[in-house]
Every structure is written in structure tokens, then in C-alpha cells.
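The values are calculated or read from the model by the stated rules, or taken from the named source; none is laboratory data. Model, not experiment: these values are computed from the prediction. Cβ atoms come from the backbone with ideal geometry, glycine included; neighbour counts cover every protein chain shown.
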């Protein structure tokens, strides 16, 4: 084995450990009960029976307010996904297909929205939302999350549409499609896997976001915001259970669409 | 079936003029090739006829109807694209039937048409495959079948054979010609390959720098090029041009005297490589290279310091450095103005 290869493998192991070890420790603490959180050395696998392992998860889900918060999180994320796609797909299509004055500037501006810290966006928004009656609603938080997710949706869908040859669209126009029909029959089916990936990504952004959700809600909190509010008073192992349950959907979704996201972002993955 | 009339169509992209007031009429059932070097505007013209590009001025009529303002789908056309543009998410059957499906044709009719065109292009065994599982030649067939299935009034083709390898191109060319002759569809065909245009077209329109320079039957274009450009573009090897001087209605070349339509002054003599015979007398030809091509020998050399190519019998015994003698066939010689490069008609 050459030094080069050794170096490479060391890098791979480090990167994997970087992601997997915290996940593993969270999972262990989440399922092991209070004993495991403070135990040292930690057991390699959860000790008790399967029922005992799952018991903390069940106990966590029975905490008052967790289910409504979960529902709010899903509602918020769906609002975010819907608006991100409704605005992001046409914008991405325009960037991909039309040459217009200021296209480059538009791209930069889209990215610039991410330059503002969430705090700067969230606090004035709270005031505005109170006036508009959107405060403490999934729609309000969903709008805020759209602001975070939209730049990705626009740029991702632009590169998606760019990857579909214009000739295919032209062929569909020649063979009887209107512009909209061409989008429905040709562009959409070809872009669908990528659009699904972009939607998933928007969902995860919304699902994970905690600061704006905390600022913009009081009683109808998303799961992240709700947990942030109640967990500091909970025992450590319950906190870990909450973290574990929160992280599962994100990890799962990202894992499912990883190849799509990689190809969209132009990262060679083969 | 319908004729195409392109009436003073003009197109510019910003400051670049792609087409400068181009007019062309394609008769019902006729096959016209738009031939020219890259950047001459031929593809732009085809896309304007298709409705994929909008002209700045002028009109396009198909079957007597002004379609200038209509979207592509309302023009009664079908098109074969250079990269075929076969829909990757549909199998061959769905691809061929796409046009009819969009037109809302009955299922039975679509199925019948798909079977018929698939048979025409030998695609029956591939109907359930996806484009990714097809070779370039097969995809090309699918693109042609998709266009023919709608039984278009007008068929537009944009360099449909240019992405095939040489052998397959030759095969497809003959096949395409047979199919289109049978279908009798009015066809406008863009190509930069002059042998393709010569082989396929009833008439060829030669474009240069956004102008149509000459439109005529292949044999006439070959024999009577309207300009030096046409003579040089059509034919392989291209026409030879010798700068000479006329005096008293004649041009002297070595021991030869050829009658010239212009009395005096500089003229260009155009001569096809096969229109001169080697002999004992005539103009002196210093042989530089001899290429045996099997069916003939290609001689490259100089006449009075000017480059010239001649096709000679395959058994020609000569070696580089020899001085041979050429006799041009006076009936085949063309004369052109030395400055404008335009043909001088007697």
C-alpha cells in the first residue's frame, strides 16, 4: 500500500467518522435511557431488549405537544416546498432558456439573499407578520423558510432545465405542442427526478430551521422550535431522543436524493 | 402536400445580418437542399420556415397560406433535427406517435400510422425500446419516422445525416431518397455536404453570407455555376480557376486559343478537373502530385504558375516533375469576371 493510498483512506475514514460518529452517539443516547448518556465507556450497541430500546422513543412521542408540533412542521415544510417550486421552477426555466438583460445580476441577487443572517430577516418579519395576521401560523413560517430555500430551488432548477436540450422542446413545438404543452409532455417528465430532489431539499431546509421558527411562532411551534423551547428543562437522554427523531427524516431524505443533488451541483460521483 | 414560398425574408441577430432578403419557392412535392458553408444562414432560414425563429422582415407561405405569425404547431410541418431530438423518456412507439397524439388522433389511427412508418424505416423490432438503447443510425430513423408519421405537408430537415459515420450516411442517403420520393412530401433540407445535396435534391439553393447565390438543378449548378464561389463549393475536387487575359475575344493558353465571351481584359477561366484531356499539345501542366484513386488518377500541378487539379485515366503514367499537356473541352469551360467572380454569359 502506497503512502498516497494510505493518505486517501485516512481521509475517507476521517470524513465518515466526522458525520457518522455524532449520529451514532445520538442514536445510542436516544435509545439507551439516562444510564447510557452518562456511562463510560459506552456500550457498542443498545443494551436492553428491542422493546426497552424503543421505549424512550415512544415516551418522547407521548410528551404533550410533540404531535401537534410535528404536524405544524410538516405543514410549514409543505408550504415552503409549494411556494419554492411555484416561484423557483419558472425562474429557473427563465434563467436556463432565455437570454435577458440582467440574467447574471439576477443570479447573484438570488444568492445574495442568503447573505443576510436569518436573525435580520426574522425579527422585522415578526412585526410585519403580526400586522398581516400571519404571525404564529405555518404559512408565515413557511414563507420565511421559502426565502431560505428559494435560492437553491431557482439555481438547481436552472441547471436542471439547462441539462435538457432545447432541441427536444423545439421538436415538441413542431409536433403539435404549445409552450405549456411542451413543458408538460417533455420538459417536466425529464426534469421530474431533479425537481423531486429540489423539493426534498426545500423540505429539509424548512424541517431543520429553528431560529426563524422560534421567533415567528408562540403557540403553533414547529417541532424544532418546540423542542428548543421545552428540551432545556428535560433530562439529557430525552434531549438526545428528540435530536435523534429530528435528524432521521433529514438524513433519510438527503440519502434518497443524494445522487440527484450531486449531479445537480455538478459534483462527479462516479 | 403544399408548396413553400419564402418571400424576401430578412433576419439579423443584433448587428449581424444572418439573412439578407432571401426569396425561394419550393414546389409541391419538390426536394430542395439549402447548401452552404457553416454560418451562411441556411439553418436560420430553415428555422424561420419552421417557426422556431422569427424573421425581421418578409413572409413565409406554406400551401398558399401566410404562416409568418403562426407557431410551429400550426404550420403543418414536421422536422428532423440535427441531433435527432428523439424524446428520451418515451419508447420508439411513443416517439413515432407523438405528433399524432398531440393532434388528438384516434388510437387506432395512431397505431396504424406507427406500424406503417416503422415498417418503412425498418423499426418494427425496436418499437418497445428506449432511445438510450438505440444506435445513432437507429435514432436517426426514429426521428425520420416521427416526422413522416404525421403525414406533414412540408418536411424540414436540418443536417439529419451529419452525425452518422460515413458508411451509414451513404446508406441512409439512398434510403431517405427512396422513402421521400415515395411519400412525395415537399422537403427543405439543410446541409453543408455538397455530395449529399447533389445526391438527394431536385434543386439546390446555394447560400453564401446570408444570400442565395444560385438555385438550380444539381447538374446545372455543376455545369454552369453562377459565381466562382458556387464553382468552388460544388464538386469534389472543386472547379479550377485560372486568371487569364482576353484579347480580341480569345484567350491564349500555351499553344491553345479558346474563344472567350469577353473581348478584352482580365477574365477567370473555370474548368472542372474532369473536363480536360491529356495529350501531345495544349497548355503546359507541371505535375506536382499524382494520387491514384482506383477509378481515376488525381493530378495536382501548375499551369502558368497557377494551381490546377485534373482527373486523368487510372493508368496515367507520369511522375512528379513531368510537364504534361492539357486540352480543356471548350464546350465545358466557364468564364467569369475577374473582379466580381460572376459568370459571363455569352
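With respect to residue B:132, determine if the residue is more than 8 Å from chain A (Cβ to nearest Cβ), surrounded by fewer than 22 Cβ atoms within 10 Å (Cβ to Cβ), closer than 16 Å to residue A:173 by Cβ and modelled with pLDDT under 95. Spell out how you get there, then give the answer.
Working: more than 8 Å from chain A (Cβ to nearest Cβ): yes; surrounded by fewer than 22 Cβ atoms within 10 Å (Cβ to Cβ): yes; closer than 16 Å to residue A:173 by Cβ: no; modelled with pLDDT under 95: yes.
The answer is no for residue B:132.
Of the conditions (1) under 26 Å from residue B:34 (Cβ atoms); (2) surrounded by fewer than 22 Cβ atoms within 10 Å (Cβ to Cβ), residue B:119 fails just one. Which one is it?
(1)
Collect the residues in the range B:174-202 that are within 14 Å of the chain's Cα centre (by Cα), surrounded by fewer than 18 Cβ atoms within 10 Å (Cβ to Cβ) and within 23 Å of residue B:151 (Cβ to Cβ), keeping them in residue-number order.
B:177, B:202
Of B:108, B:78, B:119, B:94, which residue is within 14 Å of chain A (Cβ to nearest Cβ) and in a helix (DSSP H, G or I)?
None of the others qualify; the one that does is B:94.
Take the range A:156-173 and flag every residue that is in a helix (DSSP H, G or I) and either in contact with a helix residue (DSSP H, G or I) (Cβ under 7 Å, 6 or more places away or on another chain) or more than 8 Å from chain B (Cβ to nearest Cβ) (or both).
Here is the first cut: in the range A:156-173, the ones in a helix (DSSP H, G or I) are A:156-162, A:166-173.
Of everything in the range A:156-173, those that are in a helix (DSSP H, G or I) and either in contact with a helix residue (DSSP H, G or I) (Cβ under 7 Å, 6 or more places away or on another chain) or more than 8 Å from chain B (Cβ to nearest Cβ) (or both) turn out to be A:156, A:157, A:158, A:159, A:160, A:161, A:162, A:166, A:168, A:169, A:172, A:173.
Which one of A:85, A:123 is in contact (Cβ under 8 Å) with a residue 40 or more places away in the chain and closer than 23 Å to residue A:250 by Cβ?
Sole residue among the options that is in contact (Cβ under 8 Å) with a residue 40 or more places away in the chain and closer than 23 Å to residue A:250 by Cβ: A:85.
Inside the range A:182-270, counting only helices (runs of 4 or more DSSP H) that do not spill past its ends, which hold 3 or more residues that are at pLDDT 85 or above, at negative phi and outside the structural domain of residue A:81 (by TED's automatic domain parsing)? Walk me through how you get there before you give the answer.
On the way: elements: A:188-208, A:211-216, A:223-230, A:236-256, A:258-264.
It comes to A:236-256.
Can you tell me which of B:61, B:35, B:46 is crowded, with 24+ Cβ neighbours inside 10 Å, away from chain A (no Cβ under 11 Å) and in contact with a strand residue (DSSP E or B) (Cβ under 7 Å, 6 or more places away or on another chain)?
Checking each option against the conditions leaves just B:35.
Being at pLDDT 90 or above, out of contact with any strand residue (DSSP E or B) (no Cβ under 6 Å at 6 or more places or on another chain), assigned by TED's automatic domain parsing to the domain that holds residue A:201 and farther than 18 Å from residue A:222 by Cα is the requirement here; does residue A:111 meet it?
Taking the combined requirement at face value, the residue does not satisfy it.
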